[in-house]
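Everything on this sheet refers to the single structure shown next.
The values are calculated or read from the model by the stated rules, or taken from the named source; none is laboratory data. Treat the numbers as computed from the prediction; the structure is a model and nothing was measured. We place every Cβ from the backbone using ideal geometry, glycine too, and count neighbours over all the protein chains shown. Each accessible area value is taken on the protein alone, full model and side chains, heavy atoms only, with ligands, DNA and RNA left out. Shrake-Rupley method; radii C 1.70, N 1.55, O 1.52, S 1.80 Å.
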Amino acid sequence: MDARTLCLAALSLGEASGYEIKKTLDEPPFHHFQDTGFGSIYPALNRLAREGLVSSSEQAQERRPDKKVYSLTPEGRERLQEALLQPPRPDRVKSDFLFLLFMARLMPREHLAKVIDQRIEDIDAKLAHMEECEHEVSERGHRFVFELGRSYYRFLRGFLLHNKDWLLDENTPADPARLVAG
């Protein structure tokens, strides 16, 4: 999705300033979908405003300059719905972790083991956080994505745990049939 569609999606949740939109896009669940920076959010909001897809108002703040708060217009909601009807582009996975695993043959085994163990700890923390906020997930689509994410992390954790030794043991034949699904 482009930055304009992501801004419309964030505003479909309620009015927000550019900073609040950025924060929404940086936190779960949106941060799993796309990366968007301030350098693309504010130009997107300006263009959306020119096109009449969002409106804005100034809100006074104590001891700070007024902040601009954006709202989705009916035309903006319609444009968001049109964008959601377009087929999605293929997913792209960018991962330093996968790169390190790919280059495993050049890494000391102890370091590689630490990298994998750290990733398992990170996954455990994500799963624990998901459990803490699970009660907040009420909409059907949100729940579907939540459960898909939880399934992904559980599978990834299991795959790493079950196959770590296969990757680390250079004396074992590299037979992929020995890999165990997560």
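Looking across segment 3-27 at every residue that is in contact (Cβ under 8 Å) with a residue 40 or more places away in the chain and open to solvent by 70 Å² or more (accessible area, probe 1.4 Å), the one that is nearest to the chain's Cα centre (by Cα) is identified as Tyr19. The single residue among Asp165, Asp124, Asp117 that is over 24 Å from the mean Cα position of the chain (by Cα) and in a helix (DSSP H, G or I) turns out to be Asp165. Can you pull out every residue in segment 85-112 that is surrounded by fewer than 13 Cβ atoms within 10 Å (Cβ to Cβ) and hydrophobic (A, V, I, L, M, F, W, C)? Across segment 85-112, the qualifying residues are Leu85, Val93, Leu98, Phe99, Phe102, Met103, Leu106. Hey, among Gly37, Gly52, Gly76, which residue is closer than 29 Å to Cys133 by Cα and small (Gly, Ala, Ser)? Unique residue meeting the criteria: Gly37. Residues of segment 4-20 that are assigned to a helix (DSSP H, G or I) and within 23 Å of Arg89 (Cα to Cα): Arg4, Thr5, Leu6, Cys7, Leu8, Ala9, Ala10, Leu11. So in segment 29-45, with the set limited to residues that are outside any helix (DSSP H, G or I) and without any contact (Cβ under 8 Å) to a residue 60 or more places away in the chain, which one is nearest to Gly141 (Cα to Cα)? Here the answer is Phe33.
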